[in-house]
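The structure appears below as structure tokens.
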Amino acid sequence: MIESKTRSGAALKAGGIGCAVVVLLPVLVVGGVFLTFSIERATPADFPDVKPETMAHRVTDYSKGAFAALGLDRTLEPNVYDMRKGDENTLDSDYCYPDGLESIADQPEAGAYQLSHRWSVGGVAPREGAGALRRLRDHLTGTGWHITRSGDGEQHHERTLKAEREGGYTIALTWEADRRRLNGGSSAPCATDPDWKESDGLYAEPSVGRPPALTGRASK
């Protein structure tokens, strides 16, 4: 009788411990997630400190070299956006968001930004478009770029060329044969503005001014 009571008591204790573990486990998991989230929020993202003016100069320099290599006898003036002609030359900035659990907050990284230089040329004949892609590929491979994609695009009558280089910079060009248009651009990796202040706010965008004029070299 005593042995039976002892076994019954031990079983009740084990059951009580098991229930406690079941109850505490979700609390511990949530607590761990919250702790991890808090640590990540307190740790700045590992973006390099680069002034927006410096980054804009790098990106637009890459664009100028790429545009000249196309071999088109064209010039795109700064801040052109003409949908009727299919011409564009704009420099834009975007926010950068953290990875991991911190992304749940859906808030940009303080002081971080990403620049992109978009340009396009309309009224490009099929022979010009095909030749421009070939010349740009030769230019990129000869100036330290790594080709990541070359061939048919996502849509019918498209051909795409994409490349990247050390540091996270990219260049892309798409030839839309049916629209007789070349869409291109260069972009930079995320960086942190060293002059950013808390008073600027999370959604402050850097002022980078106008892009330069893009001038092509007529192919021979």
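Can you tell me which residue among P206, P212, P189 is more than 18 Å from the chain's Cα centre (by Cα) and either in a strand (DSSP E or B) or surrounded by 14 or more Cβ atoms within 10 Å (Cβ to Cβ) (or both)?
On the way: P206 fails: more than 18 Å from the chain's Cα centre (by Cα); P189 fails: more than 18 Å from the chain's Cα centre (by Cα).
Only one candidate passes the filter, namely P212.
Only residues that are assigned to a loop (DSSP other than H, G, I, E, B) and of a type outside the set (S, T, N, Q) were counted across region 137-186, and they come to 14. Report whether or not E3 is within 30 Å of Q107 (Cβ to Cβ), out of contact with any strand residue (DSSP E or B) (no Cβ under 9 Å at 6 or more places or on another chain) and either among the acidic types (D, E) or modelled with pLDDT of 95 or more (or both). Here the answer is no, as E3 does not meet what is asked. Scanning region 192-203 for residues that are farther than 14 Å from P108 by Cα and not in a helix (DSSP H, G or I) yields P194, D195, K197. Does G71 count as of a type outside the set (A, V, I, L, M, F, W, C), at pLDDT 90 or above, farther than 30 Å from R179 by Cβ and in contact with a helix residue (DSSP H, G or I) (Cβ under 9 Å, 6 or more places away or on another chain)? Criteria not met by G71. None of H139, H117 is under 16 Å from the mean Cα position of the chain (by Cα) and buried (at least 17 other Cβ atoms within 10 Å of the Cβ) except H117.
A single member of R165, R159 is over 16 Å from A132 (Cβ atoms) and either open to solvent by 80 Å² or more (accessible area, probe 1.4 Å) or in contact with a His (Cβ under 8 Å, 6 or more places away or on another chain) (or both), and it is R165.
In this structure, is P98 touching a Cys at 6+ places or on another chain (Cβ under 8 Å), within 30 Å of D200 (Cα to Cα) and modelled with pLDDT under 95? No.
Cβ separations smaller than 6 Å between residues 6+ apart or across chains give the following pairs from region 72-89 residues that are part of a loop (DSSP other than H, G, I, E, B) to residues that are β-branched (V, I, T): R74/V121.
The values are calculated or read from the model by the stated rules, or taken from the named source; none is laboratory data. Please read all numbers here as calculations on a predicted model, not as lab measurements. Using ideal geometry, Cβ is built from the backbone for each residue, glycine included, and neighbour counts are taken over all protein chains shown. SASA here: full protein model, heavy atoms, side chains in, ligands and nucleic acids out. Shrake-Rupley method; radii C 1.70, N 1.55, O 1.52, S 1.80 Å.
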